[in-house]
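Presented below is the structure to which this report refers.
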Amino acid sequence: MQFLPMKLSFSDASIFLILFSVSVLDLFRRTEAVIKLPGNVTVSAVIVFGDSIVDTGNNNNLKTPAKCNFPPYGRDFEGGAATGRFSNGKVPSDILAEELGVKELSPAYLDPTLKPEDLLTGVNFASGGCGYDPLTTRLSAAALSLSDQLQLFKEYIDKLRAIVGEEGKNRIFETSFFLVVVGSNDINNNYFGSRIRRLQYDISTYTDLLVGHASTFLKEIYGLGARRIGVFGAPTLGCLPSTRTVAGGIKRDCAKEYNEAAQLFNSKLSAELDSLNNLPDVRIVYIDIYSPLLDIIQNPNKYGFDIVDKGCCGTGTIEVIILCFMNKRVRATLQCIKKAHIEML
């Protein structure tokens, strides 16, 4: 299946045009030929920053509750192994690297088995629980913040330079694709979940704050050599199984307020990325995952899906990470969360 055709028009000095077609739900299951490159184009490396959507195991090596290196995670991965990916199989960063012809999997930078040769084709710094807002990471999961990921990126550059030299590093970066996937935790967990930021900002000013942090981060990686950058917008946060359960009413409908917040953030992020394209020799592209995901949710049969309102573990209504194997406690947890949400309204 193919979704979301999007052209990334790169400068003549470097690379190309990509047809990037993505469905996050389908990426978590299977994919087929979602990216097509001209015959004379190659991508040397895929370098990833972000949150659990693209984390390929960095959190395994952190002291954080946001881990998923246990069943049922990974049940459809090679050998049924739970690798720390927040999925039953591959995650979008893996599939992007594979479809671009770089390598089959996007390796976690903190993986102790990472080899020097793995650095040449790109690594993954993403960490489940991360947000553009520094407070998000501290509140949600004690994961790698974007600042942490930036420091690891600098360390990676030094290692890469030691292997191939400055000119070699520059050649790799000229034909590398950088992916940034952040924002969901800020809106869902921080603004609506903990509500700390909601006491300080309305959703308009908070999304301004997020876009400001996003812009700063993109300028920082640009300053370190990133030139071809794809940035995911926020998905349909109001339609997440846990959000439906907590804020979707008795029928577990998509929570309108969450979706509107995601749309507002996306519109501002897209506009900011357009303005950043004024930087010399850069191409930054906004990748809309909200629209195709919403279409799948609203028209599941059209895409071969039967269930779009439940997750894959426990009851499918709220469980995630450690709760996936604590099903005896799920009902009590769910009742507490519902009660807390009602009291906060």
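Given the conditions (1) on the phi < 0 side of the Ramachandran plot; (2) open to solvent by 40 Å² or more (accessible area, probe 1.4 Å), report the number of the one that Thr236 does not fulfil.
Against the list (1) on the phi < 0 side of the Ramachandran plot; (2) open to solvent by 40 Å² or more (accessible area, probe 1.4 Å), Thr236 comes up short only on (2).
Scan segment 191-203 and report the pairs whose first residue is more than 14 Å from Pro134 (Cβ to Cβ) and aliphatic (A, V, I, L, M) and whose second residue is open to solvent by less than 50 Å² (accessible area, probe 1.4 Å) and assigned to a helix (DSSP H, G or I), with Cβ atoms within less than 6 Å and a gap of 6+ or a chain change.
Ile203/Ala261
Looking at segment 271-289, which of the residues that are open to solvent by 20 Å² or more (accessible area, probe 1.4 Å) and more than 17 Å from Tyr222 (Cα to Cα) is nearest to the chain's Cα centre (by Cα)?
Here the answer is Asp288.
What helices (runs of 4 or more DSSP H), lying completely within segment 85-178, carry at least 2 residues that are of a type in the set (Ser, Thr, Tyr)?
Passing ranges, in order: 134-140, 146-174.
When the residues of segment 278-320 are filtered to those that are assigned to a loop (DSSP other than H, G, I, E, B) and charged (D, E, K, R), which remaining residue is farthest from Gly249 (Cα to Cα)?
Ranking the candidates gives Asp281 first.
Say whether the condition of being touching a strand residue (DSSP E or B) at 6+ places or on another chain (Cβ under 9 Å), surrounded by fewer than 22 Cβ atoms within 10 Å (Cβ to Cβ) and either modelled with pLDDT of 95 or more or assigned to a helix (DSSP H, G or I) (or both) is met by at least one residue in segment 210-218.
The answer is yes, given that some residue of segment 210-218 is touching a strand residue (DSSP E or B) at 6+ places or on another chain (Cβ under 9 Å), surrounded by fewer than 22 Cβ atoms within 10 Å (Cβ to Cβ) and either modelled with pLDDT of 95 or more or assigned to a helix (DSSP H, G or I) (or both).
If Phe173 meets every condition in (1) in contact with a Phe, Trp or Tyr (Cβ under 9 Å, 6 or more places away or on another chain); (2) of a type outside the set (S, T, N, Q); (3) surrounded by 20 or more Cβ atoms within 10 Å (Cβ to Cβ) apart from one, which number is that one?
Only one criterion in (1) in contact with a Phe, Trp or Tyr (Cβ under 9 Å, 6 or more places away or on another chain); (2) of a type outside the set (S, T, N, Q); (3) surrounded by 20 or more Cβ atoms within 10 Å (Cβ to Cβ) is unmet by Phe173, namely (1).
The values are calculated or read from the model by the stated rules, or taken from the named source; none is laboratory data. Nothing here was measured: the structure is a model prediction, and the numbers come from that model. Quick reminder, even Gly has a Cβ in these numbers, built from the backbone with ideal geometry, and neighbours come from all protein chains shown. Heads up: the accessible areas ignore ligands, DNA and RNA and are worked out on the full protein's heavy atoms, side chains in. Shrake-Rupley method; radii C 1.70, N 1.55, O 1.52, S 1.80 Å.
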